[in-house]
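Enquirer: Please see the structure below; I have some questions.
The values are calculated or read from the model by the stated rules, or taken from the named source; none is laboratory data. A quick note: this is a predicted structure, and the numbers were derived from the prediction, not measured. Glycine also receives a Cβ, built like all others from the backbone with ideal geometry; neighbour counts cover every protein chain displayed.
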Amino acid sequence: GFYEGEFGAGLLALGDGEYTPDDLARRQADWVTPVRAEAWDRVLWTAPPNSQGYLTAAGAWIAAGLDLPTDPDDAQWAHLTIEAARQAGYDRLDVLHESADGAALVEVGRLAARRGAIDPDHAARLGEPPPRPGGTMYLCAVDGDRMGVSLIQSNAGGFGCGLIVPGVRIFLQNRGIGFSLEPGHPAEYGPGRRPPHTLAPALVTTPTGELDRVIGTMGGDSQPQILLQLLARQLAAGQSPGRSIAANRWALADPATGSGFSTWQERGRVTVRLEAGAPPWDAALTAKGHRVQRSSSPEALFGHAHVIVNEGDRLAGAADPRAMVGGAAGF
């Protein structure tokens, strides 16, 4: 296999003892059971742990049961979708690891309590965390038989870990940043372990199982937040793929670092970042208790999203205008 050839030999040399031949010979991929949730008369499917995909499903289920305004430019729409994302994800650091039960993380009883904790007039005060010390691409395709593929790949940070396997010119990713160095943590770094990661491609079906749409984005921790907004715009507000993709977004950020990989270090105590062209939500969100910052320039935090929708006799697709190399094409 690939890891047993020239690349594997180079990786062993580069690792200087970090890897063994047995590590590289071990099976690298598995067929998995997706995480499933129902929202807005659709069924949403996404990647299970160790992916953060469950946050998309959980956020959508929570938001679908709220009294969302029909106009996504309304500040109340922003407040409620932000709160849905915060309630879904504030304990991600504690519960996301490769052995986590994805179905349990989106179990209705668990999410109903979180939905019930949302105050339409104020940002929730979420629990304190325990003490703790963008190189992604997304593509999707649908064929004439309505078989859909939602695919994401990432080096994690830019050029990954910055190391190149000698002789083959392949950069190594740095997804290991998702591991914890805290002894006993369920995502503790160790041999044969898989780190929690941010990659969360999704697809949506009708209740009877027909493909409805494939959707995804880059953006680190922001991925489920962006998909939540897009699904709410498309399925609840009835916006077209192109309009919803182009619309300005909010994203949650680590108030200390702004990093795309540390949003939940303080659980739900986050800063709400608004795109420069977002509606004038600032004052209303601040009045509800959110910490708000408006961006003055493009940021990867807001993602590059794409979607293809099955409209029966035709397909409708949209690529994010934020992406310099993105595009939508039909053949």
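Enquirer: In segment 1-55, how many residues are farther than 24 Å from Gly220 by Cα and part of a loop (DSSP other than H, G, I, E, B)?
Expert: Going through segment 1-55 one residue at a time, the tally reaches 11.
Enquirer: Can you work out which of the residues in segment 246-277 that are small (Gly, Ala, Ser), at pLDDT 90 or above and buried (at least 19 other Cβ atoms within 10 Å of the Cβ) is nearest to Met324 (Cα to Cα)?
Expert: Ala251
Enquirer: Modelled with pLDDT under 85, of a type in the set (Gly, Ala, Ser) and not in a strand (DSSP E or B), is that true of Gly190?
Expert: Considered against the rule, which asks whether it is modelled with pLDDT under 85, of a type in the set (Gly, Ala, Ser) and not in a strand (DSSP E or B), Gly190 comes out as no.
Enquirer: Could you check Leu203 against (1) more than 25 Å from Glu311 (Cβ to Cβ); (2) surrounded by fewer than 24 Cβ atoms within 10 Å (Cβ to Cβ); (3) under 14 Å from the mean Cα position of the chain (by Cα) and say which number it fails?
Expert: Unmet condition: (1).
Enquirer: So is Ala88 surrounded by fewer than 18 Cβ atoms within 10 Å (Cβ to Cβ) and either closer than 24 Å to Ala64 by Cβ or in contact with a Ser or Thr (Cβ under 9 Å, 6 or more places away or on another chain) (or both) or not?
Expert: no
Enquirer: Exactly one of these conditions fails for Ile82: (1) in a helix (DSSP H, G or I); (2) at pLDDT below 95. Give me its number.
Expert: Just one mismatch for Ile82, condition (2).
Every residue, every condition in (1) more than 15 Å from the chain's Cα centre (by Cα); (2) hydrophobic (A, V, I, L, M, F, W, C); (3) within 29 Å of Ala316 (Cβ to Cβ); (4) surrounded by 15 or more Cβ atoms within 10 Å (Cβ to Cβ), yes or no:
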residue	(1), (2), (3), (4)
Arg92	no, no, no, yes
Ala104	yes, yes, no, no
Gly109	yes, no, no, no
Ala113	yes, yes, no, no
Gly116	yes, no, no, no
Cys140	yes, yes, yes, yes
Gly162	yes, no, no, no
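Enquirer: Applying the selection to segment 37-73, what residues are surrounded by fewer than 19 Cβ atoms within 10 Å (Cβ to Cβ) and touching a Phe, Trp or Tyr at 6+ places or on another chain (Cβ under 6 Å)?
Expert: Pro69
Enquirer: Exactly one of (1) surrounded by 15 or more Cβ atoms within 10 Å (Cβ to Cβ); (2) not in a strand (DSSP E or B) is unmet by Pro183. Its number?
Expert: Pro183 satisfies all of (1) surrounded by 15 or more Cβ atoms within 10 Å (Cβ to Cβ); (2) not in a strand (DSSP E or B) except (1).
Enquirer: Considering (1) touching a Cys at 6+ places or on another chain (Cβ under 6 Å); (2) under 22 Å from Trp264 (Cα atoms), say which one Pro195 fails and leave the rest.
Expert: For Pro195, the exception is condition (1).
Enquirer: Residues in segment 111-118: is at least one of a type in the set (Gly, Ala, Ser), under 30 Å from Glu182 (Cβ atoms) and modelled with pLDDT under 95?
Expert: Yes, there is a match, as at least one residue in segment 111-118 is of a type in the set (Gly, Ala, Ser), under 30 Å from Glu182 (Cβ atoms) and modelled with pLDDT under 95.
Enquirer: Then there's this: Which members of segment 86-106 meet the condition of being hydrophobic (A, V, I, L, M, F, W, C) and assigned to a helix (DSSP H, G or I)?
Expert: Scanning segment 86-106 gives Ala88, Leu93, Val95, Ala103, Ala104, Leu105.
Enquirer: With respect to Ile215, determine if the residue is part of a helix (DSSP H, G or I) and either in contact with a His (Cβ under 6 Å, 6 or more places away or on another chain) or crowded, with 24+ Cβ neighbours inside 10 Å (or both).
Expert: no
Enquirer: If the Cβ limit is 9 Å and pairs must be 6+ apart or interchain, which residue in segment 199-226 that is more than 18 Å from Asp254 (Cβ to Cβ) pairs with which residue that is surrounded by fewer than 24 Cβ atoms within 10 Å (Cβ to Cβ) and of a type in the set (Asp, Glu)?
Expert: Leu203/Asp212; Val204/Asp212; Thr205/Asp212; Thr206/Asp41; Thr206/Asp212; Pro207/Glu38; Pro207/Asp41; Thr217/Asp320
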